[in-house]
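Scroll down for the structure; my scribbles are underneath it.
Just so you know, all these numbers are worked out from the coordinates, no wet-lab data involved. Computed from a prediction, not measured in an experiment: that's the story for all the values here. All Cβ positions, even for glycine, are placed from backbone atoms using ideal geometry, and neighbour counts span all protein chains on display.
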Amino acid sequence: MKKNIFILSSILYLINFSLCGQTKKDSIEIKKVALDYIESQHNAKPRQFERAAHPRMVKRTFWTDKKTGKEYLKETFTDAMILLAETYNKDGTKFPKEPKKKVIILDIFNKVASVKLIANDWVDYMHIIKLNGKWQLVNVLWQFNDSEKH
């Protein structure tokens, strides 16, 4: 009896996973969003960032007030990130010639995904959502490798 229940529950799990699990196309598109996000900064291409991000995307980290030494939550929004993509590496000196950009898909469930992006100087944890057939970045939580830089 226990064996039959285990087999039945395993079959139901696999059916549910196949209905809600990601496709190869989803995985490729999710990875593309993460790469567009980082490569837009590498290549000073704001349109590439706009392609990846939802207009209401929020990027957050902890920051330290230099006068008080207290940490606080620092937020950046899509419009500021578009400007950053346009200006941050305009002279081509902010990143190594072959910048690190390792994308790890942590989880995908139906129309939401959690992704880790490892860059040269920081790590980004991303939430990416599929709206109207398009995967878009909606949340980023990041930290420098050296947390003292914050």
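Tabulated results
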item: Nearest-ten-degree value, helix 78-87 long axis tilted from longest Cα axis of the chain; result: 50
item: Local electrostatic count, I105, Cβ distance below 10 Å [Lys/Arg +1, Asp/Glu -1]; result: 0
item: Surrounding net charge for W142, when Lys and Arg each add one and Asp and Glu each subtract one, Cβ distance under 9 Å; result: +1
item: Selected from W122, N145, G133, residue furthest toward positive end of dipole (the chain; charges at beta carbon); result: G133
item: Helix 24-42 axis, angle to the chain major axis (alpha carbon atoms, nearest 10°); result: 10
item: With Cα atoms, 0 to 90° folded angle of helix 2-20 axis to the chain main axis; result: 40
item: Environment charge of K45, counting only residues whose C-beta is closer than 15 Å and scoring Lys/Arg +1, Asp/Glu -1; result: +1
item: Percent RCO, i.e. relative contact order, over the chain, from Cα pairs under 8 Å lying at least 6 residues apart; result: 23
item: Distant-in-sequence amide H partners of N89 (H built 1.01 Å from N, under 5 Å); result: A44
item: Entries of K25/K149; K45/K130; K67/K97; K90/K134; K66/K134; K25/K74 with Cα pairs more than 32 Å apart; result: K25/K149; K67/K97; K66/K134; K25/K74
item: Under the Karplus curve 6.51 cos²θ - 1.76 cosθ + 1.60, θ = phi - 60°, whole-Hz ³J(HN,Hα) for segment 107-120, x wherever Gly or Pro sits; result: 6, 9, 9, 6, 10, 10, 9, 10, 9, 10, 10, 9, 10, 4
item: Cβ-placed point charges (K, R +1; D, E -1), dipole of the chain about Cα centre in debye, nearest 20; result: 400
item: Segment 36-87 versus segment 115-140: alpha-carbon centroid distance in Å; result: 12
item: P(r) tail fraction, segment 23-149 - alpha-carbon pairs more than 21 Å apart, %; result: 39
item: Pairwise label distance in nanometres, A80 with K100, each label 7 Å out on the Cα-Cβ vector; result: 2.5
item: Listed residues Y37, F109, Y88: farthest to the positive end of the dipole of the chain (Cβ charges); result: F109
